[in-house]
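Bear in mind that the values in this text are calculations on the coordinates, not laboratory data. Values in this document were obtained by computation on a predicted structure and should not be read as measured data. Note that each Cβ is placed from the backbone with ideal geometry, even for glycine, and that neighbours are counted across all protein chains shown.
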């Protein structure tokens, strides 16, 4: 016969087991978490436009500012192919520079840079996608996002507010990091912090520092990236964000890199 103490312990164990089972059932799979987070970060609405102020701070604390407009258009409804167009408005030394991306799911993205001083369009090699974006701490790949199929993902922790996901590259020779860990907000699926590791050390940290709801979409309105090895950091302030602005497909072309579609950049 079970004693009273034994019966109480058995009830507690069963209750704890039941609660753990419920939490497990409520937690999405890691693939679903990553997919939703990627959607919130890069695919909300059919298209979008944002005016962005970039502040670059070097190791000595000196700052430089750039201002640009990002245009983005989804090419289908399945979080697949996209187009990005980044037009620099100031300062004078980068004015009218254009960065354009044709983003794919199953192969490397196509990226181009238009340099107005040379009147030249240059394609950015796939191996250069993880290099500095116009002298900032962000990389070219950060602008349009890293393909979720490029990494293996593991759910390493679930806290009260976050899913913590560790991602390891399937092709480690193509990147400079060993892995990166992302804290994804449980209710909005916004990736609020990402830490890149190499040889056991975190050397690059990105954060979503401000979030607002715009046209019903949770939106990062200030993001931050720091390189702890270089001692540099960059802040992006999204001064104006709009969704579903009906951008035409043809502006994402070499023709409009040379001749900016100014009616869509206001």
query = Tell me, what is the percent relative contact order of segment 70-143, built from C-alpha pairs under 8 Å that lie six or more residues apart?
reply = 17 percent
Against the rule of thumb 2.2 N^0.38 Å, how large the Cα Rg of segment 46-264 comes out = 1.02
note = Contour minus Cα-Cα span, residue 89 to residue 201, at 0.36 nm per residue, comes to 36.6 nm
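Just need the relative contact order of the chain here, percent rounded to a whole number, with Cα pairs under 8 Å and 6+ apart.
On the way: 501 pairs, mean separation 49.4, N = 266.
Reported as a whole number, the value is 19 percent.
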inquiry  = Tell me the angle of helix 4-26 to the major Cα principal axis of the chain, expressed in degrees between 0 and 90 and rounded to the nearest ten.
reply    = 20 degrees
inquiry  = Only Cα pairs within less than 10 Å get springs; with that Gaussian network setup on the chain, which residue of 103, 170, 36 has the largest fluctuation?
reply    = 170
Choice from 47, 31, 76 with maximal GNM fluctuation in the chain (Cα, 10 Å cutoff) = 76
query = For segment 52-71 and segment 166-219, what is the separation of their C-alpha centers, rounded to whole Å?
reply = 20 Å
message = Could you identify which residue out of 225, 75, 100 has the top mean-square fluctuation in a GNM of the chain using Cα springs shorter than 10 Å?
response = 75
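Output the relative contact order of segment 141-246, whole-number percent, from Cα pairs under 8 angstrom with separation of 6+ residues.
Working: 192 pairs, mean separation 14.6, N = 106.
Relative contact order, segment 141-246: 14 percent.
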note = Per the helix-only model, the chain has a calculated mean residue ellipticity at 222 nm (DSSP H runs of ≥4, -39500 (n - 2.57) each, divided over all residues, rounded to the nearest 500) of -5500 deg cm²/dmol
query = What full-extension length gain, to one decimal in nm, is calculated for residue 81 and residue 255 as 0.36 nm per residue of separation minus the Cα-Cα distance?
reply = 60.6 nm
inquiry  = Using only the alpha-carbon atoms, how far is helix 30-42 inclined from the longest principal axis of the chain? Give it as 0 to 90 degrees, nearest 10.
reply    = 30 degrees
message = Could you give the length gained by full extension between residue 130 and residue 210, i.e. 0.36 nm per residue of separation minus their alpha carbon distance, to one decimal place?
response = 26.3 nm
note = With a Förster distance of 22 angstrom and the Cβ-Cβ distance between residue 178 and residue 222, calculated FRET efficiency to the nearest 0.05 equals 0.20
query = Hey, rough spin-label estimate for residue 108 and residue 27, points 7 angstrom out along Cα→Cβ, what's it come to in nanometres?
reply = 3.7 nm
request  = Report the paramagnetic label zone for residue 245: residues of segment 79-101 whose backbone N is under 20 Å from a point 7 Å from Cα along the Cα-to-Cβ axis.
outcome  = 82-91, 95-101
